[in-house]
1. Would you point out the residue of the range 128-139, among those that are open to solvent by less than 40 Å² (accessible area, probe 1.4 Å) and more than 14 Å from the chain's Cα centre (by Cα), that is modelled with the lowest pLDDT?
2. Would you pick out the residues in the range 171-182 that are surrounded by fewer than 19 Cβ atoms within 10 Å (Cβ to Cβ) and at pLDDT 90 or above?
3. Here are some residues: 14, 23. Which one is charged (D, E, K, R), more than 15 Å from residue 136 (Cβ to Cβ) and touching a helix residue (DSSP H, G or I) at 6+ places or on another chain (Cβ under 6 Å)?
4. Can you name every residue in the range 16-35 that is without any contact (Cβ under 8 Å) to a residue 24 or more places away in the chain and crowded, with 16+ Cβ neighbours inside 10 Å?
5. May I ask you to list the residues in the range 1-15 that are surrounded by 14 or more Cβ atoms within 10 Å (Cβ to Cβ) and aliphatic (A, V, I, L, M)?
6. Within the group 149, 160, which residue is at pLDDT below 85 and either in a strand (DSSP E or B) or not small (Gly, Ala, Ser) (or both)?
7. Among the residues of the range 117-127, which ones are surrounded by fewer than 16 Cβ atoms within 10 Å (Cβ to Cβ) and not aliphatic (A, V, I, L, M)?
8. Show me the helices (runs of 4 or more DSSP H) found entirely inside the range 36-114 where at least 1 residues are open to solvent by 60 Å² or more (accessible area, probe 1.4 Å) and in contact (Cβ under 8 Å) with a residue 40 or more places away in the chain.
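The values are calculated or read from the model by the stated rules, or taken from the named source; none is laboratory data. Note that the structure is predicted; figures quoted are calculated from it, not measured. Cβ: placed from backbone, ideal geometry, glycine included. Neighbour counts: every protein chain shown. The area values use the complete protein model at the heavy-atom level, side chains included, leaving out ligands, DNA and RNA. Shrake-Rupley method; radii C 1.70, N 1.55, O 1.52, S 1.80 Å.
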Amino acid sequence: MNNPITIRASSLGELFDCPARWEAKHVKKMHMPASAAARLGTAVHAGTALYDQSILDGNPLTPDEAAGAVVDAIHKPDEEVDWDETSPREAESIAVPLHGLYCKQIAPQQEYVAVEATCDSLTITDIGLTLTGTIDRVRVDGGGFGIADIKTGKTAVGADGTVKTQGHAAQIAVYELLASATLEQDMTAPAQIIGLQVA
């Protein structure tokens with residue numbers, strides 16, 4: 001194929017769930033407003049990324065200082081948001097505690113080497129696809145390098161706190177390929193899905 005189709009790793013779940021919706025959004029570029037749940041997840045990602053990057057940079061912020069990015073992402077979105085029955089204030093009341101939970105209980109147990117790493121495109125010419133993506137975290141532990149992906153929302157994390165991994169396998173596998181190609185390191189440690197439960 002002369003013009004490979006570009007697929008973001010984060011969109012693979014939607015591709016497998018509803019190919020027609022995926023095509024409308026990612027091929028035909030038809031956009032709908034983001035949902036309140038999606039914006040909440042974006043806000044948590046913004047705050048936790050700022051927190052983890054500050055540690056990597058050697059200028060650590062407190063969880064409360066980094067929470068400003070959570071609040072800004074909710075109240076100053078860079079996209080149209082359909083809040084439906086959830087108000088921005090309600091979203092903030094959920095997102096800020098999730099951010100705090102991550103910073104105080106999860107982040108201290110991790111050793112990251114990259115935060116929100118934008119990966120080089122990986123083109124698979126045989127099938128005409130170019131894979132792209134931004135990886136939440138690349139970590140290192142006794143097993144080597146591995147990726148960590150943060151998930152929020154009722155569809156991602158069950159009421160008992162268990163992460164629902166169904167539908168994420170392809171996304172995680174693509175993240176590992178992209179991280180390995182970009183960092184020139186084999187991803188030998190098991191991938192992690194960090195689930196932050198939304199009540």
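1. Just the residues of the range 128-139 that are open to solvent by less than 40 Å² (accessible area, probe 1.4 Å), to begin with: 128, 130-139.
If we keep only those that are more than 14 Å from the chain's Cα centre (by Cα) too, we end up with 128, 130-131, 139.
Details: 128: 77, 130: 85, 131: 84, 139: 95.
Here the answer is 128.
2. Within the range 171-182, just 180 meets the criteria.
3. On the way: 23 fails: touching a helix residue (DSSP H, G or I) at 6+ places or on another chain (Cβ under 6 Å).
So the residue among 14, 23 that is charged (D, E, K, R), more than 15 Å from residue 136 (Cβ to Cβ) and touching a helix residue (DSSP H, G or I) at 6+ places or on another chain (Cβ under 6 Å) is 14.
4. Hits for the range 16-35 are 22, 25, 26.
5. 7, 9, 12, 15
6. Values: 149 fails: at pLDDT below 85.
Sole residue among the options that is at pLDDT below 85 and either in a strand (DSSP E or B) or not small (Gly, Ala, Ser) (or both): 160.
7. First, the residues of the range 117-127 that are surrounded by fewer than 16 Cβ atoms within 10 Å (Cβ to Cβ): 118, 120-121, 123-127.
Answer for the range 117-127, where residues must be surrounded by fewer than 16 Cβ atoms within 10 Å (Cβ to Cβ) and not aliphatic (A, V, I, L, M): 118, 120, 121, 123, 125, 126.
8. Details: elements: 36-56, 63-75, 88-101.
Answer list for the range 36-114: 36-56, 88-101.
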